[in-house]
Amino acid sequence: MTEATPFFIVGLGNPGARYENTPHNLGFWVVDRLAAAAGIAVSKNKFSALYGQGRLEGETVLLVKPQTYMNLSGEAVQPLALFYKTSPQRILVVCDEFNLPLGKLRLRVKGSDGGHNGLKSLINRLGTQEFPRLRIGCGPVPEYMDPADYVLGNFSKDNRKLAEEMADRAAEAVRTYVKSGPDATMGLYNQG
């Protein structure tokens, strides 16, 4: 995948301590894991995003955590992509997905927003659905709960442990994607 422009890995989430332990911040968790493992400081604050550049699996990558809140994620990513001259196809978005059960991952190279407001914002600002996304299952939403309340509520103690394991696995999937591409990643990590 080597090209002159960096490969973006965008973890979606909400800034602030209030949201740290919520399903909606799984994308941030994955970026944090990748940053720690690769020694990349995600500390540059520009374009309404925290980001850092480094090497991952032999590729130049930009790890990005939009600071706009989930529903406006595209407002951070689109100007950053323009600045770095990175095409949407080189932007891997990592986000939560309540329509997938906790413990499942799903990679797609393009597609609709599927009701996810962060993806909706990205599609609107990038002007295309053709960017890869790795969805991390955090469902199911209990019948008595509104999905928005669920993804913004803290994980239970039991679910937190599984969510941490899923974030580790998602970070592995991202490394596989950067090194070997989408087909190999889907074969290894897409389940059911």
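Just so it is clear, none of the values below were taken in a lab; they were calculated from the coordinates. Keep in mind that this is a model prediction, so the values were computed, not measured. Cβ atoms come from the backbone with ideal geometry, glycine included; neighbour counts cover every protein chain shown.
At-a-glance table
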read-out	value
Pairwise FRET efficiency - K85 versus R55, Cβ, R0 = 25 Å, nearest 0.05	0.85
Rel. contact order, % - alpha carbon contacts under 8 angstrom, at least six apart, the chain	26
In sequence order, calculated HN-Hα J values of the stretch 176-190 (Karplus, 6.51, -1.76, 1.60; Hz; x Gly/Pro)	4, 4, 5, 7, 10, x, x, 4, 4, 5, 4, x, 8, 10, 6
³J(HN,Hα), Karplus 6.51/-1.76/1.60, whole Hz, each residue of the stretch 97-111, x for Gly, Pro	8, 7, 7, 10, x, 4, x, 10, 10, 8, 9, 9, 8, 6, x
Dipole of the chain, positive direction: furthest Cα of I9, Y189, M166, with charges on the beta-carbon	I9
Surrounding net charge for N21, when Lys and Arg each add one and Asp and Glu each subtract one, Cβ distance under 14 Å	-1
Gap separating the Cα centres of the stretch 23-71 and the stretch 106-157, nearest whole Å	18
A36 paired with S112, simple spin-label distance in nm, labels 7 Å along Cα-to-beta-carbon	3.7
Sum of side-chain charges, F131 neighbourhood, beta-carbon under 12 Å (Lys, Arg +1; Asp, Glu -1)	+3
Cβ charges +1 (Lys, Arg) and -1 (Asp, Glu), total dipole of the chain, debye	420
Global form of the stretch 7-189, assessed from the alpha-carbon gyration tensor, a/c cut-off 1.5	rounded
Entries in K46/K85; K157/K179; K44/K110 that, when Cα-Cα distance is taken, lie over 24 Å	K157/K179; K44/K110
From phi via Karplus (6.51, -1.76, 1.60), per-residue ³J(HN,Hα) for the stretch 25-41 in Hz, x at Gly/Pro	9, 4, x, 4, 4, 5, 4, 4, 5, 5, 4, 5, 5, 9, x, 9, 7
DSSP bridge orientation in the chain - percent antiparallel, rounded to nearest 5	50
CD proxy at 222 nm, helix term only [per DSSP H run n ≥ 4: -39500 (n - 2.57); per residue of the chain; nearest 500]	-11500 deg cm²/dmol
